[in-house]
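Structure first, commentary second.
The values are calculated or read from the model by the stated rules, or taken from the named source; none is laboratory data. Note that the structure is a prediction, hence the values are computed from the model and not measured. FYI the Cβ positions are ideal-geometry reconstructions off the backbone, even for glycines, and counts take in every protein chain you see.
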């Protein structure tokens, strides 16, 4: 299948891993457009010249201006790799949702609402890990008892309280506030930490796990994350990772796992195996290909 990709590459994150996923899935990538660097019309011209079977895009509003022309050339789809409680927070993307042949969201719990609202043909496609999310070359060196990376703000309710409580309980926790810690640097901190603390921003939305859950497991870390609705149907809780439902439970489990290395490392190893056997970007892109073939 010939695929034209419309995802950023310069930030060395999701777009790069999607590209690698399609290549690992043995698909022919005929071109890549980066909307952060080039106007949308460039993607349209590439589509006209390359005549792809599938044009797979990011949730970039700029593509709305060309979507009607793109869909005359090949099948069109986009992937929204973010979550919100209400679908109306994505109203600026409604034209893209309704015009694309199909589109993907990482929030399974919102699919029914999208369909009821008549917003195109949505499918659930969870996040994943990539080739570079792997154990540190020199293995685990547990310098920190805990580690967290991600934004700490009012958008993610309860996150600051949980991290403050844990930090007050144990000062040997490395917290990186922001989104700049990625790839090999992120792997490094995962491998230097006993417990990697996760916190998905919208746990009441079914199966809307954070991308960092996959990055942590993929790097061989022990993941202790908040309980997202339905997560037990996706990961084996207590076997591949563990979860908490309250700040008190987070503290209790954090302290327990810090003192039980055998159990902690066994779960980390099982999570690493599951991440690379079932949750790589190549597995996600194979899901996309199957949907395209059956369209």
For this session: Would you be able to tell me the number of residues in region 84-116 that are surrounded by 20 or more Cβ atoms within 10 Å (Cβ to Cβ) and within 21 Å of residue 285 (Cβ to Cβ)?
Result: 9
Seminar exercise, completed: Only one of (1) part of a helix (DSSP H, G or I); (2) touching a residue at least 40 places away in the same chain (Cβ under 8 Å) does not apply to residue 295, and that is (1)
Exercise. What about residue 42, is it farther than 28 Å from residue 108 by Cα, touching a strand residue (DSSP E or B) at 6+ places or on another chain (Cβ under 7 Å) and surrounded by fewer than 19 Cβ atoms within 10 Å (Cβ to Cβ)?
Worked result: yes
For this session: Quick one: in region 223-240, of everything that is closer than 19 Å to residue 128 by Cβ and in contact (Cβ under 8 Å) with a residue 40 or more places away in the chain, which residue is surrounded by the fewest Cβ atoms within 10 Å (Cβ to Cβ)?
Result: 230
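Yes/no matrix, rows are residues, columns are (1) out of contact with any strand residue (DSSP E or B) (no Cβ under 9 Å at 6 or more places or on another chain); (2) crowded, with 20+ Cβ neighbours inside 10 Å; (3) without any contact (Cβ under 8 Å) to a residue 12 or more places away in the chain:
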| position | (1), (2), (3) |
| --- | --- |
| 3 | no, yes, no |
| 12 | yes, no, no |
| 17 | no, yes, no |
| 62 | yes, no, no |
| 71 | no, no, no |
Problem set entry | Single unsatisfied condition, residue 35 versus (1) under 30 Å from residue 185 (Cβ atoms); (2) surrounded by fewer than 18 Cβ atoms within 10 Å (Cβ to Cβ); (3) touching a helix residue (DSSP H, G or I) at 6+ places or on another chain (Cβ under 8 Å) | (2)
Exercise. Say we look at region 143-167 and pick out the residues that are over 24 Å from the mean Cα position of the chain (by Cα) and touching a residue at least 60 places away in the same chain (Cβ under 8 Å); which of these is nearest to residue 261 (Cα to Cα)?
Worked result: 145
Exercise. Has region 204-227 got at least one residue that is over 20 Å from residue 81 (Cβ atoms) and in a helix (DSSP H, G or I)?
Worked result: no
For this session: Residues that are in the same structural domain as residue 229 (by TED's automatic domain parsing): find the strands (runs of 3 or more DSSP E) completely inside region 101-160 holding 2 or more of those.
Result: 144-150
Exercise. Among 176, 199, which is the only one that is more than 17 Å from residue 275 (Cβ to Cβ), surrounded by 23 or more Cβ atoms within 10 Å (Cβ to Cβ), assigned by TED's automatic domain parsing to the domain that holds residue 241 and touching a strand residue (DSSP E or B) at 6+ places or on another chain (Cβ under 6 Å)?
Worked result: 199
Seminar exercise, completed: Apart from one, (1) surrounded by 16 or more Cβ atoms within 10 Å (Cβ to Cβ); (2) touching a strand residue (DSSP E or B) at 6+ places or on another chain (Cβ under 9 Å); (3) closer than 29 Å to residue 288 by Cα all hold for residue 131; the odd one out is (1)
Problem set entry | Leading residue by the ranking (farthest from the chain's Cα centre (by Cα)) among those in region 50-67 that are in a helix (DSSP H, G or I) and closer than 24 Å to residue 293 by Cβ | 50
